[in-house]
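J.: One structure, pasted below without further comment.
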């Protein structure tokens, strides 16, 4: 069966450290993968997209990697800040530009 | 504000009643999506439109659910004979879809439905 797995447990880190979130998937062959941020009571906000032929993508303090052999994406936030506390969702493109989302991982950055 | 808007933001209804939600996408976006999200889960795809054409519907979308996008602008999602299991956040998103292009989706704030 098709699955997208993200850590269901919250990730707690200290301000200034690097947060690393994982997205694993099975039985999908996405052309690209996206990461979104979601704050409580709000809709998701797009952060980064990485294509299947790209290994790594960066944007400011954010970095995404995509390993289509391992079927895994890693999402890194360097120099984390309390304002980075949110739920982070990965989403796979599954054809006709339709997205399937993971369950999300909640990140808590403490000062 | 030129983002995606949804109305109402909150809706409380009794089981068996019909409800209708509205989504206004970003004006130049030709694609519009509806998702449902329950607590602790990611958004689940319900349906999407390219302009006024409804191109795909999820198996989650029972015959009590119907969506329209007349004239390819705003969209409505109607749920008939609501059930308690319909309680969720209903999210709308829009994008500037193009052949071969990627698909950054812009989400609205959602409509939270509570069925008593």
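J.: Hey, got the average number of other protein chain Cβ atoms within 10 angstrom for residues in B:104-114?
T.: Details: counts 6, 9, 4, 7, 2, 3, 4, 0, 1, 0, 0.
Per residue, the number of nearby Cβ atoms from other chains is 3 on average.
J.: Sorted by mean Cβ packing within 10 Å, highest first, what order do the peptides B:80-91, A:30-41 take?
T.: Details: B:80-91: 16.8, A:30-41: 18.6.
So the order, starting with the most tightly packed, is A:30-41, B:80-91.
J.: If you consider only alpha-carbon coordinates, what radius of gyration and Dmax does the range B:1-53 have, in Å?
T.: In order Rg, Dmax, the Cα atoms of the range B:1-53 give 13.2, 37 Å.
J.: Same structure, new question: Using a/c under 1.5 as the rounded threshold, could you call chain B rounded, prolate or oblate? The axes a ≥ b ≥ c are square roots of the C-alpha gyration tensor eigenvalues, and prolate needs a/b larger than b/c, oblate otherwise. Mind showing how you got there, number by number?
T.: Working: a/c = 1.77, a/b = 1.67, b/c = 1.05.
Prolate, since a/c reaches 1.5 and a/b exceeds b/c.
J.: Can I ask one more? Pick from B:94, B:73, B:58: which residue has the top mean-square fluctuation in a GNM of chain B where Cα pairs under 10 Å get a spring?
T.: Comparing B:94, B:73, B:58 in a Gaussian network model of chain B, the most mobile one is B:58.
J.: Kirkwood Rh, chain A, all Cα pairs: how many Å?
T.: Working: mean 1/r = 0.0713 Å⁻¹.
The Cα-based Kirkwood calculation yields 14.0 Å.
J.: Evaluate E = 1/(1 + (r/R0)^6) for residue B:57 and residue B:112, where r is the Cβ-Cβ distance and R0 equals 22 Å; express this FRET efficiency to the nearest 0.05.
T.: 0.45
J.: Oh, and also: Place the peptides A:75-88, B:24-37 in order of packing, highest mean first, counting for every residue the other Cβ atoms within 10 Å and averaging per peptide. Provide the component values of the computation, followed by the final result.
T.: Working: A:75-88: 17.1, B:24-37: 20.0.
With the highest mean Cβ count within 10 Å placed first, the list reads B:24-37, A:75-88.
J.: Report the Stokes-Einstein translational diffusion coefficient (µm² s⁻¹, integer) for the protein assembly as shown, Rh taken as the Kirkwood radius over Cα pairs, at 37 °C with viscosity 0.692 mPa s.
T.: On the way: Rh = 18.2 Å.
Result for D is 181 µm²/s.
J.: Let me know the mean shielding of B:87-95 by other chains, meaning the per-residue number of their Cβ atoms within 10 Å of its Cβ. Walk me through the numbers before you get to the answer.
T.: Working: counts 0, 0, 3, 0, 4, 1, 4, 0, 3.
What the average comes to for B:87-95 is 2.
J.: Quote the relative contact order of chain B in percent (integer), defining contacts as alpha-carbon pairs under 8 Å separated by 6+ residues.
T.: Averaging sequence separation for qualifying contacts and normalising by length gives 36 percent for chain B.
J.: Something else about it: Per residue of B:43-49, count partner chain C-beta atoms within 10 Å of its C-beta, then hand back the mean as an integer. Working shown, then result.
T.: Numbers: counts 11, 2, 6, 0, 0, 4, 0.
Mean partner shielding for this stretch: 3.
Bear in mind that the values in this text are calculations on the coordinates, not laboratory data. Since we're looking at a predicted model, the values are computed, not measured. When we count neighbours, we look across all protein chains shown, and the Cβ atoms used for this are built from the backbone with ideal geometry, even at glycine.
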